[in-house]
Amino acid sequence: MFLEKRKVHRPLLKALIASRRITQARIARFVRVSPSYFSEIANGHKFIPVDILSSLARFFDLNDPNILCDAEERDDAQT
């Protein structure tokens, strides 16, 4: 099932950010959203639109954007 908006996998996103030693503000600029909006996504308070999910995957050089989705929602996307 294709979901238009999903929750981000918070522990994975936080680990990626920490391992790259970058700020959320830098990522927000890359994906073209405000730092506060990105913070809401990163903290699980907002759903992540598919276009931002794809941009994040590009930012982190990930082949599959679904990796960044919460595990439950990844399972739903595969069915």
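For this structure, a couple of remarks:
- Modelled spin labels at GLU40 and LEU12, positioned 7 Å past Cα toward Cβ, are 2.3 nm from each other.
- Gain on full stretching of the segment that runs from ALA57 to PHE30 - 0.36 nm per residue minus C-alpha separation: 8.6 nm
Only the coordinates and a few stated rules stand behind these numbers; no lab work does. Nothing here was measured: the structure is a model prediction, and the numbers come from that model. Quick reminder, even Gly has a Cβ in these numbers, built from the backbone with ideal geometry, and neighbours come from all protein chains shown.
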